[in-house]
Amino acid sequence: MTTPLRITDLHPSDDDIAGDVLRGLAATPKRLPSKYFYDQRGSELFEAITRQPEYYPTRVELAMLAEHGADIARAAGPRVHVVEYGSGSGRKTRLLLDALEDPVAYTPIEISRSALAASAERLDREFGDLEVLPVLADFTCPVPLPPPARQADSALVFFPGSTLGNFTREESVRLLSAMRDTMGTNGAALLGLDLEKDPAIIEAAYNDAAGVTAEFTLNLLHRLNRDVGSDFDPASFAHRARYLRDEGRIVTTLESLRAQVVTVDGRRFAFAQGEEMHVEQSQKYTDARIAALAADAGLRVAAAWNDPRDWFGLRLLRP
Ligand code: AVI
């Protein structure tokens with residue numbers, strides 16, 4: 001029998017879901033935080049989104065990690081301690097770890113204990129020689145890294161999937177600054193970022209024909225009904241995802257299909273017919289936008305890779 005991996009618990013504070021929902025519904029326009037998409041069903045639906053023909057980011061990024069692995073490894077340097085922000089399916093991590101020269105340790109940082117344990121155990125099984133040091137923490141704050149048994153030359157933060165795009169600009173700068181503190185002065189961060197392109201391609205990616213993204217968005221209401229006792233009627237809301245060209249971002253809303261009242265924790269919130277509640281943004285990037293964001297966090301772009309169509313980019317940021 002294998003011994004379970006030891007998790008370093010930095011005691012992240014629990015989400016105040018009810019408080020966040022009440023504050024969001026009291027705002028004008030109404031909004032709900034996109035981080036609450038990812039309950040178990042939401043995570044499964046997101047995995048299904050990544051397999052839709054219209055949702056190109058995952059496919060393109062996986063191909064890039066396979067294609068540019070040797071260059072990324074050269075730019076990152078040998079004997080790195082890989083620190084992944086969040087834990088996905090592990091497909092991208094596997095490609096990165098396979099490409100790197102003699103990686104010393106792998107630390108996934110996650111706020112969900114079950115997601116953290118699952119991803120750490122999977123990678124531990126697959127990479128027998130690699131030390132896996134999972135940390136239960138909120139990665140939007142600097143995280144003291146557990147020291148590997150074998151000394152690493154540097155830390156490499158890995159944040160794929162263009163997940164940075166789901167944060168506001170202000171939050172992104174804060175997150176990148178926290179990353180800079182976590183990686184140390186000779187560390188780096190490898191980010192996957194979705195690039196600006198033909199708006200029709202982007203809009204299709206967030207409005208797949210099979211309706212998986214719509215189901216993912218509406219699952220938020222089912223999740224809130226279960227976890228905060230709200231009485232949203234998911235059938236009375238519709239998924240809308242629009243690309244705002246001037247801002248280079250997809251904004252996803254839930255549109256109320258009729259005039260209705262939703263009750264949360266004894267408080268009543270009226271929705272007009274056609275009223276849209278903001279639930280997610282997905283920023284798309286240009287080189288100028290990436291450089292400015294990095295600079296605001298005390299980082300610079302040290303290496304860059306794009307796919308042949310310039311749809312998706314990998315960027316290595318250093319202090
Ligand atoms: C996780 N995140 C980067 C995805 C995105 O593309 O913004 C979430 C998503 N929402 C709808 N489709 C995918």
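Tell me, which longest segment in the chain has none of the trypsin sites (Lys or Arg not before Pro) that fall in DSSP loops with at most 13 further Cβ atoms within 10 Å? Let's see the in-between values first.
Values: sites that count: 6, 51, 150, 245, 258, 309.
For trypsin sites (Lys or Arg not before Pro) (loop position, at most 13 other Cβ atoms within 10 Å), the longest site-free span of the chain is 52-149.
Solvent-accessible surface (1.4 Å probe) assigned to residue 198 amounts to roughly 80 Å². Taking the protein heavy atoms of segment 109-237 in the context of the full set of protein chains, the accessible area attributed to carbon and sulfur is 51 percent at 1.4 Å. Would you give the gap between the C-alpha center of segment 159-185 and the C-alpha center of segment 284-318, rounded to a whole Å? Segment 159-185 and segment 284-318 have Cα centres spaced 12 Å from each other.
Calculation over all alpha carbon pairs of segment 99-199 in 10 angstrom steps from 0 returns a P(r) of 14, 44, 33, 9, 1 percent.
At the residue level, residue 275 shows approximately 50 square angstrom of accessible surface with a 1.4 angstrom probe and all protein chains present. Per residue, the accessible area of segment 1-120 comes to 48 Å² when a 1.4 Å probe rolls over the protein heavy atoms.
The share of alpha-carbon pairs in the chain lying farther apart than 24 Å comes to 55%. In segment 45-145, the C-alpha radius of gyration followed by the widest Cα-Cα span (Dmax) gives 14.0, 39 angstrom. Classify segment 193-319: rounded, prolate or oblate, from the alpha-carbon gyration tensor (a ≥ b ≥ c, eigenvalue square roots; a/c under 1.5 rounded; otherwise prolate if a/b is larger than b/c)? Taking the square roots of the gyration eigenvalues as a ≥ b ≥ c, segment 193-319 is prolate. Surface listing: 278, 81, 11, 222 arranged by accessible area from highest to lowest gives 11, 222, 278, 81, probe 1.4 Å. Roughly how far apart, in whole Å, are the Cα centres of segment 35-107 and segment 242-257? About 26 Å separates the Cα centre of segment 35-107 from the one of segment 242-257. Per the Kirkwood formula applied to alpha carbons, segment 31-97 shows a radius of gyration over Rh ratio, Rg over Rh, of 1.05. In the context of the full protein assembly, residue 138 retains an accessible surface of approximately 60 Å², using a probe radius of 1.4 Å and ignoring ligands and nucleic acids. What segment 155-234 shows is 36 Å² of accessible area per residue, with the surface traced by a 1.4 Å probe over protein heavy atoms. Taking amide H atoms as placed 1.01 Å from N in the peptide plane, the amide H of residue 303 lies under 5 Å from those of 316, each 5 or more residues away in sequence or on another chain. Scalar couplings 3J(HN,Hα) for segment 121-132, obtained by applying the Karplus form with A = 6.51, B = -1.76, C = 1.60 to θ = phi - 60°, are 5, 4, 5, 5, 5, 6, 10, x, 7, 8, 6, 10 Hz; x denotes Gly and Pro.
The values are calculated or read from the model by the stated rules, or taken from the named source; none is laboratory data. What you are looking at is a predicted structure, and each value in this text was computed from that prediction instead of being measured. Ideal geometry is used to build each Cβ from the backbone, glycine not excepted, and the neighbour counts take in all protein chains shown. Protein only, heavy atoms only, side chains kept; ligands, DNA and RNA dropped before computing areas. Shrake-Rupley method; radii C 1.70, N 1.55, O 1.52, S 1.80 Å.
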